[in-house]
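Undergrad: Handing you this structure, nothing more for now.
Derivation of every value follows stated rules applied to the coordinates shown; laboratory data play no part. No experiment lies behind these values; they were computed from the predicted model shown. Here the Cβ is made from the backbone with ideal geometry for all residues, glycine too, and neighbour counts use every protein chain on show.
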Protein chains: 4
Amino acid sequence: MTVRVAVAGASGYAGGELLRLLLAHPEVSIGALTAGGNAGSPLAQHQPHLLPLADRVLQDTTAEQLSGHEVVFLALPHGKSAEIAAALGQDVLVIDCGADHRLTSAADWQRWYGGQHAGSWPYGMPELPGARQDLVGVKRVAVPGCFPTAASLALAPAFAAGLVAPEVVVVAVTGTSGAGKALKPNLLASEVLGSASAYGVGGVHRHTPEIAQNLGKIAGNPVAVSFTPVLAPMARGILATCTAPLIGSADEVRSVYEKACAEEPFVHLLPEGTWPTTAATLGSNAVHLQVTVDADAGRLVVVAAVDNLTKGTAGAAVQCMNLALGLPETSGLSTVGVAP
Amino acid sequence: MTVRVAVAGASGYAGGELLRLLLAHPEVSIGALTAGGNAGSPLAQHQPHLLPLADRVLQDTTAEQLSGHEVVFLALPHGKSAEIAAALGQDVLVIDCGADHRLTSAADWQRWYGGQHAGSWPYGMPELPGARQDLVGVKRVAVPGCFPTAASLALAPAFAAGLVAPEVVVVAVTGTSGAGKALKPNLLASEVLGSASAYGVGGVHRHTPEIAQNLGKIAGNPVAVSFTPVLAPMARGILATCTAPLIGSADEVRSVYEKACAEEPFVHLLPEGTWPTTAATLGSNAVHLQVTVDADAGRLVVVAAVDNLTKGTAGAAVQCMNLALGLPETSGLSTVGVAP
Amino acid sequence: MTVRVAVAGASGYAGGELLRLLLAHPEVSIGALTAGGNAGSPLAQHQPHLLPLADRVLQDTTAEQLSGHEVVFLALPHGKSAEIAAALGQDVLVIDCGADHRLTSAADWQRWYGGQHAGSWPYGMPELPGARQDLVGVKRVAVPGCFPTAASLALAPAFAAGLVAPEVVVVAVTGTSGAGKALKPNLLASEVLGSASAYGVGGVHRHTPEIAQNLGKIAGNPVAVSFTPVLAPMARGILATCTAPLIGSADEVRSVYEKACAEEPFVHLLPEGTWPTTAATLGSNAVHLQVTVDADAGRLVVVAAVDNLTKGTAGAAVQCMNLALGLPETSGLSTVGVAP
Amino acid sequence: MTVRVAVAGASGYAGGELLRLLLAHPEVSIGALTAGGNAGSPLAQHQPHLLPLADRVLQDTTAEQLSGHEVVFLALPHGKSAEIAAALGQDVLVIDCGADHRLTSAADWQRWYGGQHAGSWPYGMPELPGARQDLVGVKRVAVPGCFPTAASLALAPAFAAGLVAPEVVVVAVTGTSGAGKALKPNLLASEVLGSASAYGVGGVHRHTPEIAQNLGKIAGNPVAVSFTPVLAPMARGILATCTAPLIGSADEVRSVYEKACAEEPFVHLLPEGTWPTTAATLGSNAVHLQVTVDADAGRLVVVAAVDNLTKGTAGAAVQCMNLALGLPETSGLSTVGVAP
């Protein structure tokens, strides 16, 4: 079986990571590569690490260029996906790495992103309770945000088992690639090197409602989420420290997490006493978890490490493509990081 | 006035930072420099950045070498300070950068550090309510830990004003120098570069009881502290994200912090909308704060940036020396960081 | 075909990279994993990024443990390989990632490494003139050093075409992983972060004679090599700036390099005007080259980027295994880097 | 004595470093701060590390705003300085941190920068032979480029003593701040972190003729300079590896360098066997040098470390101000770095 895929937004970081993974996928043939302002330039100028595609030239991101593929990955600025998807037709598998179709609530969309809600698509996090089977055979997938991936997979087992109260605090250290290639002063190397900085503080980061949506669905009740991202001097990686008041038994915590991870191909509970590092997940689709109880503070503490571009974006997209197409879920994906 | 000072532990990072600051202090003459295993070797081998002291040779850390100075700074492994201090006599100002005399509770010391509690000394954080005047004229100072400095100064105004409930979550990103020069595998550059990692998770880091002690004293009641340090690929700096449930009025938050910082020479509330970066504090004794309310989560969020070696250790030590000796509190200290 | 391989030195950086590549190799089954001081501990403790091997325990590095495999990779401190290899027998393919069998001159060995020369093995750089066919079917391979890989592949075409005089200057910036996991003070993250430093200056680095050996063999005459490595704050990657006086025609330079790279699967000449970055080679077996002529200075300038652990060590080892066994040379190896 | 100074280009990195140093200068009062596109915005927005100036607002860079000061520092894009300087009058000390007045040859200017040569000013590198006295009392100073500072101070003693042939190879690793705050894709943190890259290769970097000018003046003959800058993942610092064929006696090398450095307040020859690190010079005006002879290659090798923003730009500017005004040369400047 060979699946012909196109990538829209191929000159950005998410697009580059999609191509890196798709080049290693045994069932995929890479078709059109499109971009916005970079259309017409060689891919090699933007993605010098993708040598097998060094001869490719970027085309315009239009439905015409993207048509004729079985799968189209969209790695576009938010607000751009719905129109393209509509033009591609319902028999094409469209996998949106952007935010447009993640939130189920139009009111939430309006508040956090502004403008018209494009509607929600099947949410591409197969590890959430009941989610895997719902992705089989679908033709539209909303790939989760990178922070919601880390935070949701960290806390989903606890909420599913009723271990914690719905008052979550998440502080997530992130590399810079999550912010994309936009030329912003605070993303200059001179500003980032040797420095840690918080941003989107006070619940204003757009990934906040997505975390609340995921955990609330499991809890069956609203979950209050205090989320703070912190930018650190590394290109990739998210390390999310996630805590909530413990209301269940501390004795059950480890077995709950062991069971939750046991069958998951990409979610890995580390041996007791070992804590996650983002380096160990670099370039891999794995999530590394560790959990403990802080008895003095009365809180469960879970730490999750993911590569924001792989499991946090492009790896999840490929994983969902596999599920949607009926391929083995792990095809073309690795749990091996590039370290050190 | 010229004060003759000695530094014990001069080959380590805290010792080096003390010397960097003391070289710039207008009232100080640098006397004995001592070390443990590095005694006998040139200081230049360990501190190549301190050119004016390039000819110095490290002596043994003994009371004999340290005697004859008006001020002795101790930057030693914990458990080593009490004996040296006792031998130096009560008329010498001894400033302990280590942990030995920070905790007031012998039970806490026993639990967190083990061994015999050496007793507590005046705690060197003049910005805490009522603390400044208690440091004038003292002959012993316990310099606060680096994380407690960031977390306590971030939350002290909120507790003093009754704005928050005593359930605190602190996640603090830190550079590697806080761990000192010990040769540990996880501190190798190859392990740290490109990676974030949590450690001491679940309330087991020794700075936890110190944060609780500081905040509890202000609150007048015990404060539960969930504290997680995260190691990031930078040599210096702490960025502490500190949250607690808001119980006071959100409208008062900013004015409370403005008043708390107004008279402080080293604690600076950033303009609204600007968030701290550790780079802006590098090498300075300043604490950069920003505060906001997350109405959805019902929490106050304060972010603090400090240089762990300066305000977090050596700068606080010099600040306390100034207060103890009756010098201007800011003498030899700067609020200007080295950036980018 | 499934080849059963063992890795000696599996807890180090070279060993970890070998395992990362071997896990992705379609014809390989991973057998014994051995170590020195780390024998008896779980591999996961040392290589948390290798999830598929998380259950393995390290065994002692002895001929007994390593026997019974068709291929044995040695990633050992220098001086340790000869004895093990002798015990394994001549029908086992032994691939030595260490230095023991690289230098053909016993006098050079004696001068640069000291002790008894173990003899030289077929040198595992198939891209050198005439070298590829000599590796087919061999049972012993000496994997080149990381710096010699970058410098030799950068300058080999120029020497083969007679373009340059034999007075070479190489300054190579390197990440820290090349130094291994040894606990040395100058390799602590606090020392490396934010800092560049030269070491082994003045022709004393042990890779100097290996570069001279490679280039001298092509030139047919001794080549003087001034080599300076510079440590930079990154975990992986070598960027080698290589210059020599131009004695051929500047007009031929580009075509010489184009021809030299045209058939090579792993040596890639970048488009004119584009210069290599180490990031684009991270985790890949590719060498990125660019060449120009400095007419004012009368010198050819070639810049080469490689991943020191992949093409600079473990990737070359796998490439040589493929050649030795008659597998496709690129099997299990990628030219795709992990960027950003 | 209080000297009133203005800084044009105060929102950039060079401008920020000037202000950091001027705040610590005992004889200086800081007057107008001007900018181009950032005029009208608070300085704190661009230089959050300069707390004592947090209330300042940037004015337009015009002669009117800059007039009324005894000293005006220009940190402007090249081509902008001559007009401003002409309007300020000959009794104002104008110190140009830009390139406009460094090159003495109009033909060189035309070739390397293009456009009309603005003429040359006294060159602000007092450590060059005979240069110091020529700076006393001047009213115009051209501050040297950062790479020429490192390379010229590294090799000046060798050329002055006739130790080397005029065929120089310089490869200089640099932090990102030398490129300023311009929003260029290759300066994004995601591109720089974990990566080394060469640029301006083949003698096309504009600092090349300045190095040749400095060394040629000492040698009394043209000096061929092969110069390659390499960008490394650090914000500050230059580590220049400088080599040339040795034609003098190897035995004299060390004493030549010892004598050359003996009286210099800012150029420091490290103890034998110790090699420079950029970290040790961070924020200081010191140049750290080490020298050796590579007998096999027949070359002198000198490694120099400087902070590109301090001794490489703003520190040299202040040093020259001191000389021009008759203040102590070291006033307001430190040889103490901020490390680690």
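Undergrad: For segment B:1-77, just the Cα atoms, rotate onto the principal axes and tell me the three extents in Å, largest first.
TA: 33, 27, 21
Undergrad: Right, next: Using only the Cα atoms, work out Rg/Rh for segment B:147-306, with Rh taken as the Kirkwood radius, to two decimals.
TA: 0.98
Undergrad: Check cross-link reach from A:LYS217 to the lysines: straight Cα distance under 22 Å, and skip same-chain residues fewer than eight apart.
TA: A:LYS259, A:LYS311
Undergrad: Would you kindly calculate the translational diffusion coefficient of segment A:95-165, applying Stokes-Einstein with the Kirkwood radius from alpha carbon pairs, for 10 °C and a viscosity of 1.306 mPa s, and quote it in µm² s⁻¹ without decimals?
TA: It comes out at roughly 120 µm²/s.
Undergrad: Place a +1 charge on the Cβ of each Lys and Arg in segment B:197-340 and a -1 charge on the Cβ of each Asp and Glu, then give the dipole magnitude about the Cα centre in debye, rounded to the nearest 20.
TA: 420
Undergrad: Oh, and also: For C:LYS184, go through the aspartates and glutamates and keep the ones whose alpha-carbon is under 17 Å away, minus same-chain ones fewer than eight residues off.
TA: B:GLU191
Undergrad: Segment D:180-267: which GluC sites (Glu not before Pro) are DSSP loop and have at most 13 other beta-carbon atoms within 10 angstrom?
TA: Loop-located and lightly packed - D:GLU263.
Undergrad: Moving on to the next point. Along segment D:224-235, what does the Karplus equation 6.51 cos²θ - 1.76 cosθ + 1.60 (θ = phi - 60°) give for ³J(HN,Hα), rounded to whole Hz, x for Gly and Pro?
TA: Per residue, the Karplus-derived 3J(HN,Hα) values read 7, 10, 9, 10, 10, x, 10, 7, 10, x, 8, 6 Hz.
Undergrad: Let me ask something else about it. Of D:GLY178, D:GLY114, D:GLY98, which has the largest mean-square fluctuation in a 10 Å C-alpha GNM of chain D?
TA: Judging by the Gaussian network model, the answer is D:GLY114.
Undergrad: While we're looking at this one, here's another question. Kindly provide the Kirkwood hydrodynamic radius of chain C in Å, to one decimal, from all pairs of distinct alpha carbon atoms.
TA: Computed over Cα pairs of chain C, the Kirkwood hydrodynamic radius comes out at 20.2 Å.
Undergrad: Now for a separate question. Can you tell me the orientation of helix A:13-23 relative to chain A, as the angle in degrees between its alpha-carbon axis and the longest Cα principal axis, to the nearest 10?
TA: It works out to around 80 degrees.
Undergrad: What are the extents of the Cα atoms of the protein assembly as shown along their three principal axes, listed from largest to smallest and rounded to whole Å?
TA: Principal-axis extents of the Cα atoms in the protein assembly as shown, largest first: 83, 78, 62 Å.
Undergrad: If you line up the long axis of helix B:315-325 against the longest principal axis of chain B, both from Cα atoms, how many degrees apart are they, to the nearest 10?
TA: The answer is roughly 70 degrees.
Undergrad: Antiparallel as a % of all DSSP beta bridges within chain A, to the nearest 5?
TA: 45
Undergrad: Now for a separate question. A:VAL164's amide H: which non-local residues (gap 5+, or another chain) put their own amide H closer than 5 Å, with H modeled 1.01 Å from N in plane and none for Pro or chain starts?
TA: Here the answer is A:ILE247, A:GLY248, since their amide H atoms fall under 5 Å of that of A:VAL164.
Undergrad: Rounded if a/c is under 1.5, else prolate if a/b is larger than b/c, else oblate: which is segment C:276-340, with a ≥ b ≥ c the root eigenvalues of its Cα gyration tensor?
TA: Note, shape of segment C:276-340 comes out prolate.
Undergrad: Could you tell me how many cubic angstrom of Cα convex hull volume segment A:1-140 has per residue?
TA: It is 121 Å³ per residue.
Undergrad: Is it possible to state the helix-based mean residue ellipticity at 222 nm for chain A, with each DSSP H run of 4+ residues giving -39500 (n - 2.57), the sum divided by total residues, to the nearest 500 deg cm²/dmol? What is it?
TA: -7500 deg cm²/dmol
Undergrad: Here is a further query. Taking every DSSP beta bridge that has both residues in the protein assembly as shown, what percent is antiparallel when rounded to the nearest 5?
TA: Looking only at bridges with both residues in the protein assembly as shown, the antiparallel portion is about 50 percent.
Undergrad: Taking the Cα centre of the protein assembly as shown as origin, work out the dipole magnitude from +1 charges on Lys and Arg Cβ and -1 charges on Asp and Glu Cβ, in debye rounded to 20.
TA: The dipole magnitude comes to about 0 debye.
Undergrad: Please report the antiparallel percentage of DSSP beta bridges with both residues in segment C:147-306, rounded to the nearest 5.
TA: 70
Undergrad: Ok, one more. Lys/Arg Cβ at +1, Asp/Glu Cβ at -1, dipole of chain A taken about the Cα centre: which of A:CYS146, A:GLN116, A:GLY216 is farthest positive-ward?
TA: With unit charges placed on the Cβ atoms, the residue in question is A:GLN116.
Undergrad: If amide H atoms are built 1.01 Å from N in the plane of the peptide, which residues on other chains or at least 5 residues away come under 5 Å of the amide H of B:ALA32?
TA: So B:ALA32 has HN proximity to B:VAL7.
Undergrad: Please rank B:VAL173, B:VAL94, fewest neighbouring Cβ atoms within 10 Å first, as an exposure proxy.
TA: Listing B:VAL173, B:VAL94 from fewest to most nearby Cβ atoms yields B:VAL94, B:VAL173.
Undergrad: A further question follows. Roughly how tilted is helix A:208-219, in degrees to the nearest 10 and between 0 and 90, from the longest Cα axis of chain A?
TA: Value to nearest ten degrees: 60.
Undergrad: Let me ask something additional. Taking the Cα centre of chain C as origin and charging only Cβ (+1 Lys, Arg; -1 Asp, Glu), how large is the dipole, in debye to the nearest 20?
TA: Value, rounded to 20: 520 debye.
Undergrad: Considering every residue in D:159-169, what mean count of other chain Cβ atoms within 10 Å of its Cβ is obtained?
TA: The shielding value for this peptide is 2.
Undergrad: Same structure, new question: What ³J(HN,Hα) values, in whole Hz, does the Karplus curve 6.51 cos²θ - 1.76 cosθ + 1.60 give for segment A:37-43 when θ = phi - 60°, with x put for Gly and Pro?
TA: For segment A:37-43, the Karplus curve yields x, 8, 4, x, 9, x, 4 Hz.
Undergrad: Based only on other Cβ atoms within 10 Å, what is the fewest-to-most ordering of C:CYS146, C:CYS242, C:CYS261?
TA: Least to most surrounded, the residues fall as C:CYS261, C:CYS146, C:CYS242.
Undergrad: Can you work out ³J(HN,Hα) from phi for every residue in segment A:67-82, in order, using Karplus 6.51 cos²θ - 1.76 cosθ + 1.60 and θ = phi - 60°, giving whole Hz and x for Gly and Pro?
TA: 6, x, 10, 6, 9, 10, 9, 10, 10, 10, x, 5, x, 9, 7, 4
Undergrad: Got a sec? How would A:SER334, A:SER67, C:SER226 order by Cβ neighbour count within 10 Å, fewest to most?
TA: Result, fewest neighbours first: A:SER67, A:SER334, C:SER226.
Undergrad: Using a label point 7 Å beyond Cα on the Cα-Cβ vector, give me the inter-copy distances for B:GLY220 in nanometres, one decimal, shortest first.
TA: Values, ascending and in nm: 4.2, 8.6, 9.5.
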